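The values are calculated or read from the model by the stated rules, or taken from the named source; none is laboratory data. Since the model is a prediction, treat every value here as computed from it, not as a measurement. Here the Cβ is made from the backbone with ideal geometry for all residues, glycine too, and neighbour counts use every protein chain on show. Note: accessible area is taken over every heavy atom of the protein model, side chains too, but ligands, DNA and RNA are not part of it. Shrake-Rupley method; radii C 1.70, N 1.55, O 1.52, S 1.80 Å.
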Amino acid sequence: MKNFISFADAGDYRALLQQAFEIKANPYGYKHIGQNKTIGLIFFNPSLRTRLSSVKAAYNLGAQAWVLNAGADSWTLEMADGAVMNGSTQEHIKDAIAVMSEYCDVLGVRTFPTLQDREADYSEDVLNKILQYATVPVISLESATLHPLQSFADLITVAETKQKERVKVVLTWAPHVRPLPQCVPNSFCDWFSEIDWIDFVITHPEGYELDPRFTKGARIEYDQRRALEGADYVQAKNWSSYQDYGQILTQDADWMLTPMHMAYTDKAKFMHCLPVRRNVEVSDAVLDGPGSLIIQEAGNRTISMQTVLHELLK
Ligand code: CP
């Protein structure tokens with residue numbers, strides 16, 4: 001592993017999963033791996049889970065982690081190549097990332113899409129600039145299009161709880177009051193469509209089709225009830241339209257996950273990456289019910305990050 005940006009960087013996912021289980025069983029048993037190492041975490045956007053689990057993962061490995069809120073803790077960064085910097089930006093990204101590479105052994109970066117310009121967002125301009133200028137490995141802490149640490153944590157959660165050899169996993173769109181990025185569902189598809197013991201189904205209203213580069217031919221079922229039938233796991237998430245880019249096409253409350261929806265499944269476990277808008281995306285009864293894995297799933301964010309750091313530092 002050189003960087004961790006998408007499922008393709010996971011290599012042999014079974015081996016990575018096995019390493020994750022070993023780390024989870026013995027979280028402080030690998031402190032030699034991170035001794036005298038420093039992890040730099042750059043956030044262009046807010047975070048609770050990613051920020052704290054990344055710091056915890058570094059600590060568990062014996063490394064130290066620094067968090068930099070770009071533009072708030074640092075100088076305002078210029079992204080454009082060849083810019084005449086006579087405006088408000090104070091430091092070019094190429095200098096900032098090259099300098100951080102002098103101080104850190106691994107860099108993590110969180111960027112977000114604008115949801116205004118699909119071509120610009122899907123070009124992953126900021127992430128690619130960081131990859132270009134970093135001289136150390138880079139971990140995506142969520143980019144404009146993908147959230148690989150979340151998807152890896154989701155896979156760990158399913159793998160450690162499944163009761164059968166093969167399981168049906170459903171990704172369902174859920175309503176929301178604001179337009180949200182497609183990163184989490186894109187990434188979920190990027191990972192879960194590749195797992196040979198998972199029957200993967202995506203369900204959403206028409207018009208919410210995701211980028212086919214990430215859905216990779218997975219079954220799309222527009223009838224949510226039919227999609228949920230027989231499911232072992234349900235992951236809910238809102239996303240804005242990819243086709244009508246960044247737009248909210250519907251806020252149909254019938255898509256909110258309730259115990260009635262979960263009753264269509266085969267006593268499915270419920271998952272959500274969090275944060276969640278309670279009683280808009282998912283009802284309290286599902287989030288707080290006996291089948292909810294949301295806290296275990298968030299806990300596994302430490303394991304996914306620790307496993308990736310282990311791979312990059314070992
Ligand atoms: N799921 C997730 O990435 O949460 P944060 O945005 O709080 O990091």
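For the reader, a short list of remarks on this structure follows.
- For the range 1-52: Kirkwood Rh in Å [reciprocal of mean 1/r, alpha carbons]: 13.6 Å
- Applying a length cut-off of 24 Å (Cα extent along the axis) and a mean Kyte-Doolittle floor of -0.5 to the DSSP H helices of the chain leaves 294-313.
- Summed over the residues of the chain and divided among them, the accessible surface reaches 43 Å² per residue at a probe radius of 1.4 Å.
- Annotation note: GluC sites (Glu not before Pro) in the range 152-216 located in DSSP loop regions with a Cβ neighbour count of at most 16 within 10 Å are Glu165, Glu194, Glu206, Glu209.
- FRET efficiency, Asp199 to Gln116 (Cβ-Cβ, R0 41 Å, nearest 0.05): 0.70
- For the residues Phe192, Phe44, Phe112, a GNM of the chain with alpha-carbon springs under 10 Å puts the largest fluctuation on Phe44.
- The overall shape of the range 65-124 is oblate: from the C-alpha gyration tensor, with semi-axes ordered a ≥ b ≥ c, the ratio a/c is 1.5 or greater and a/b is no larger than b/c.
- Only helices enter the 222 nm calculation for the chain: every DSSP H run of n ≥ 4 contributes -39,500 (n - 2.57), and dividing by all residues gives -10500 deg cm²/dmol, rounded to 500.
- Most fluctuating residue given options Thr89, Thr50, Thr145, as computed from a GNM of the chain linking Cα atoms under 10 Å: Thr89
- The H on the amide N of Lys269, modeled in the peptide plane, is under 5 Å from the matching H of Tyr233, Val234, each at least 5 residues off or on a different chain.
- Solvent-accessible surface (1.4 angstrom probe) belonging to Trp255, in square angstrom, nearest 10: 20 Å²
- Set Lys37/Lys129; Lys164/Lys267; Lys31/Lys129; Lys2/Lys162 screened for pairs whose C-alpha atoms are more than 22 Å apart: Lys37/Lys129; Lys31/Lys129; Lys2/Lys162
- Carbon-plus-sulfur accessible fraction, the range 150-298 (probe radius 1.4 Å, protein heavy atoms only): 48%.
- For the range 104-116, the Karplus equation 6.51 cos²θ - 1.76 cosθ + 1.60, evaluated at θ = phi - 60°, returns couplings of 10, 8, 9, 10, x, 9, 10, 10, 10, x, 7, 6, 9 Hz by residue, with Gly and Pro reported as x.
- Sequence-separation-based contact order of the range 150-298, relative, with Cα cut under 8 Å and 6+ spacing, percent: 28 percent
- Gyration tensor verdict on the range 34-78 (Cα atoms; rounded if a/c is under 1.5, prolate if a/b is larger than b/c, oblate otherwise): oblate
- Fraction of the pair-distance distribution of the range 150-298 above 24 Å, Cα-Cα pairs, percent: 21 percent
- Amide H partners (placed H, <5 Å) of Leu146, local residues excluded: none
- Shape parameters for the chain, alpha-carbon atoms, Rg then Dmax in Å: 19.5, 61
- Distant-in-sequence amide contacts of Gln90, defined by a placed amide H-H separation under 5 Å and a gap of 5 or more residues or a different chain, comprise Thr76, Leu77, Glu78.
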